[in-house]
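Here the structure comes first, spelled out in structure tokens, and everything after it is commentary.
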Amino acid sequence: MTIAITGATGNIGGSVARALARAGTPIRMLVRDAARAPELPGAEVAVASYADATASRAALEGVDLLLMVSGAEAQDRLDQHRAFVAAAADAGVAHVVYTSFVGAAPDATFTLGRDHWATEQAIEETSMRHTFLRDSFYLDFVEDLVGEDGVIRGPAGVGAMAAVARADVARVATEVLLHPSDHADRTYELTGPEAITLAQAAATVSEVRGRAVTYQPETVTEAYASRARWNPEPWQADAWVSTYTAIAEGALAHVSTDVERVTGRRPLSLREVLQAD
């Protein structure tokens, strides 16, 4: 079986590539820049971007199993995804493992969750088998929410999120790629071990890092206004703000046992992620 991995220069794809290399599993890494591809035993490199259907199809020739890590946030990301999915089907890929979003739906409050749902639909409309890894927000990004003044601001209210560590997503993806028939046509919700509010997250960051970090709720209007200084495009501003409103409505509060069920290990907590950094 030939396994291809996208995003091998990034966090999740790179972690999976290294894990498979350690297991002695040959892989093909699809990257946009060959110079940035990690040097791993048993790995070959193919150059392609999601938007380039011709290059993607050529890069995927002979591939049986594909890890498709969702592309970087962009206004046309869904178009890129659809082009790549079509290229994979045309190339004869049999099984796609896609990193989706736990709240994926056509009307998801988190606006980018709608793109993930549409990508899932595009995959299901092909003859390829699939495994959808519906990730919650990443625990690794929690600290990035902290402003220079030590404050997390956003319209999340008192909502909670069961955010997941990228390391756990990578471990699940690795297990699926090593035993694909056990996970074909399944959807997994990948969350952390508990749902936490942003106030609790701030308190944990404060304790582990030894600095004052707090959470300050905003209204939606205040959230758009406070982010205007970065001059984001409308779609990006909507994504930023809806990150918090999705938490507020409770859409991300469900705690799943899928990480432990697939890997046999309890998922990491925010404290553990911070302490490992």
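Okay, here's what the table says:
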quantity	calculated
Sparse-neighbour loop sites [GluC sites (Glu not before Pro); the range 75-169; at most 13 other C-beta within 10 Å; DSSP]	GLU125, GLU148
Estimated distance in nm for a label pair at THR219 and ALA203, the labels positioned 7 Å out from Cα along Cα-to-Cβ	2.8
Pairwise centroid distance, computed over Cα atoms, of the range 4-76 with the range 137-176, Å	24
Extension reserve of the THR25-HIS179 stretch, reckoned as 0.36 nm per residue once the Cα distance is removed	54.3 nm
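Laboratory data are not the source of any read-out in this text; all were calculated from the coordinates shown. All of these numbers come straight from a predicted model, not from anything done at the bench. Using ideal geometry, Cβ is built from the backbone for each residue, glycine included, and neighbour counts are taken over all protein chains shown.
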